[in-house]
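Here's the structure, in structure tokens; my notes come after.
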Amino acid sequence: MVKTPKIIDDKNLTTLIKINFYPKNDKYFMLQHGYQAVGFEISKLRAAYGRKNLQVHIIDDPKYLTTLPSKSFDVIFTNHVIEHLPRLRETFDLFGRLLTDEGLCFFILPNFTGKEARKGKFWSWIGRDHPLAPTADFFKNILPNHGFRRIVIGSGPFDQKLIDVIRKKNWEHLDAEGDELLVIAWKK
């Protein structure tokens, strides 16, 4: 299963912030793909572990993110984060500010309108832990208001077939029926 920004084969994208940082897995990914990376992890315990044992710069204070300089990152990558945030307007504004002009965001989240969701899966998740259930249409309608110009929607399985479709820019062959939604949004 491939759930990383490596699906975009662009050597100009070198700086990355990974939101919801899992120290062991994410450090390996970042080193393997050559990113100059920063992590953000709300869990102070996980963040401290990563800083101490893996020598990775991990931010654990959400307010600190707002102090970072504009255009700090080429890639912002979130994996099952967006659906937990109660105020997406501020989040998307921050992401738009932190991205370089050619930067892009990856969002991976439950596909609340996918094939299984239409059968009732995931609906019990919405509430306390998942205050929002963003859909493909939500991202298509909202992200342009935050400076994103090209938005591509797909879904799992996150395998080589998906990587090939994205790398070849065969957007019309992307399927949005899987259990996890993939949103890739470019600033320009």
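FYI, it's all coordinate maths here, none of it is from the lab. The structure presented is a predicted model; accordingly, all values stated were derived computationally and were not measured. Backbone-built Cβ (ideal geometry, glycine too); neighbour counts: all protein chains shown.
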Check your understanding: Put +1 on the Cβ of each Lys and Arg and -1 on the Cβ of each Asp and Glu in the chain; which of Pro62, Phe122, Ile153 then has its Cα farthest toward the positive end of the dipole?
Key -> Pro62
Revision key, fill the gap. The chain: relative contact order from alpha carbon pairs under 8 Å, six or more residues apart, as a whole percent, is 23 percent
**Study point:** Cα-Cα separations in the chain greater than 21 Å, expressed as whole percent
**Key:** 50 percent
Check your understanding: About its Cα centre, how strong a charge dipole does the chain have in debye, to the nearest 20, once Lys and Arg get +1 and Asp and Glu get -1 at the Cβ?
Key -> 260 debye
Point to revise | Euclidean distance of C-alpha centroids, the range 111-149 and the range 156-186, integer Å | key: 17 Å
Practice item. Specify which residue in the list Leu143, Gly103, Thr113 is farthest towards the positive end of the charge dipole of the chain, using unit charges on the beta carbon of Lys, Arg (+1) and Asp, Glu (-1), about the Cα centre. Key: Gly103
Study note, to complete from the structure: The long-range amide H neighbours of Asp179, using H built 1.01 Å from N in the peptide plane and a cut-off of under 5 Å, are Gly156
